[in-house]
Amino acid sequence: MPYGRQGVLVAAMLALAACASRTAPSLDRAAPGATHEDGVPACPADASPMDGWNDRAPPRRIFGNTYYVGTCGIAAILVVGDAGAILIDGATDRAPAAILANIRALGFAPRDIRRLLNTHEHMDHAGGLAGLQRATGAPVLARAPAVATLRSGKPGQDDPQLGELAGFPAVADVRTLSEAETVRIGDLVLQSHATPGHAPGGTSWTWRSCEGPRCLDIAYVDSHTALTDGHYRFADHPGYVAAFERSLDTVAGLPCDLLLTPHPAASNLLARLHGEAPLVDAGACKAFSANARTNLRVRLANERKEPSR
């Protein structure tokens, strides 16, 4: 996400959070226990989505083999199996030290990580991948539209937010995922889902996690705020809009008992981890998709009222 238009960004993400965290009778309010929090201060409850990007969050087990190891403002998700671990997202270029400290605090080693995955190729989610790759030795796997940006650290020319995106450290070893590729490490099976829109390389991830006999489908859904740099107009790119709409269809249909998002505020995640809101909601992905679709259509309607540049 870019630095500019913070008011628009905050409003959009808070709207997504409100939708994703609604209360319904079927919701599961059981909170996971903290695991080796290591004296890390809790993240401020009143922080906006633009706060805490580089502030270490207390590491927590979310459910089963899935852990939150990111910062207060940017998620990094660790999934641990019998033959190693997978880490999704690297936050900013200043975040690797916090992420690695969280991994160690949970009792794992950086070298346990066999693959690094990414939701999209912006500095707030990909900026730390180069540092994490040096620490873990793991390759980064990404869909084709994100590969050149990850390898160069330079924003893609086709990104709707190009004019407001900062660069980030180039990632040395980036391998291209095929469409809908499944990533397997031992007993870990993570499914990729192409969800472009917020960024061309947008990718969401799903997997199944169990605690004893109880199993949940976890969906780590990429950002879907329809942001631009003020020059790009979605209305002038019908093909991209169609891909964005298909992404929202995909999100609505994901196996999704437990929703995670790259910006935790977009799904009220930190409050849910502390038992202050329901952790489990099988309708969360559908609600997230519906709200993002409404926001996209509002942006298109507003653009069509203005003359093309």
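The values are calculated or read from the model by the stated rules, or taken from the named source; none is laboratory data. Model, not experiment: these values are computed from the prediction. Here the Cβ is made from the backbone with ideal geometry for all residues, glycine too, and neighbour counts use every protein chain on show. Only protein heavy atoms, including side chains, enter the accessible area calculation; ligands, DNA and RNA are left aside. Shrake-Rupley method; radii C 1.70, N 1.55, O 1.52, S 1.80 Å.
With unit charges on the beta carbons (Lys and Arg positive, Asp and Glu negative) and the dipole taken about the Cα centre of the chain, which residue among 239, 73, 172 sits farthest to the positive side?
It is 239.
Where only protein heavy atoms count, and the probe is 1.4 Å, what is the accessible area per residue for the chain in Å²?
Working: 11720 Å² over 309 residues.
Per residue, the chain has an accessible area of 38 Å².
Under the Kirkwood approximation for Rh and a Cα-based Rg, what ratio Rg/Rh is obtained for region 53-115? Let's see the in-between values first.
Values: Rg = 10.5 Å, Rh = 11.3 Å.
Rg/Rh: 0.93.
Can you match mean projected area of the Cα convex hull in nm² to one of these, (1) 14.3; (2) 16.7; (3) 15.3, based on a calculation from the structure here?
Checking each listed value against the structure points to (1).
At what distance in angstrom do the alpha carbon centres of region 120-199 and region 222-238 lie from each other?
Cα centres, region 120-199 to region 222-238: 20 Å.
Report the local net charge at residue 208: Lys and Arg +1, Asp and Glu -1, summed over other residues whose C-beta lies under 14 Å from its C-beta. Write down the numbers at each step before the final one.
Values: positive: 184, 214; negative: 187, 211, 217, 257.
Around residue 208, the charge tally is -2.
Ranked from highest to lowest mean number of other Cβ atoms within 10 Å per residue, what is the order of the peptides 220-230, 129-139? Don't jump to the answer; show the numbers that get you there.
Values: 220-230: 22.7, 129-139: 20.5.
Result, highest mean Cβ count within 10 Å first: 220-230, 129-139.
Relative contact order of the chain, please, whole-number percent, based on alpha carbon pairs below 8 angstrom and at least 6 residues apart.
On the way: 722 pairs, mean separation 61.6, N = 309.
So the answer I get is 20 percent.
For region 42-159, with all protein chains present and a 1.4 Å probe, just round the carbon and sulfur fraction of the accessible area to a whole percent.
On the way: 1720 of 3680 Å².
Here it works out to 47 percent.
FRET efficiency for residue 83 and residue 173, Cβ-Cβ distance as r, R0 = 30 Å, nearest 0.05?
Working: r = 20 Å, r/R0 = 0.65.
Efficiency, rounded to the nearest 0.05: 0.95.
Report, in deg cm²/dmol and to the nearest 500, the calculated mean residue ellipticity at 222 nm for the chain, where each DSSP H run with n ≥ 4 adds -39500 (n - 2.57) and the sum is divided by the residue count.
Values: 8 runs with 87 residues, N = 309.
Helix-only estimate at 222 nm: -8500 deg cm²/dmol.
Beta carbons within 10 angstrom, averaged per residue: use that to sort the peptides 187-196, 293-302, highest first. Mind dumping the intermediate values first?
Values: 187-196: 19.4, 293-302: 15.6.
Top of the packing list down: 187-196, 293-302.
For a quick protection proxy, order the peptides 157-164, 60-67, 236-243 by their average other-Cβ count within 10 Å, most packed first. Write out the running numbers ahead of the final one.
Numbers: 157-164: 17.8, 60-67: 21.1, 236-243: 12.8.
The peptides rank, most packed first, as 60-67, 157-164, 236-243.
Where the convex hull is taken over the Cα atoms of region 116-187, what is its projected area averaged over directions, in nm²?
Value for region 116-187: 5.1 nm².
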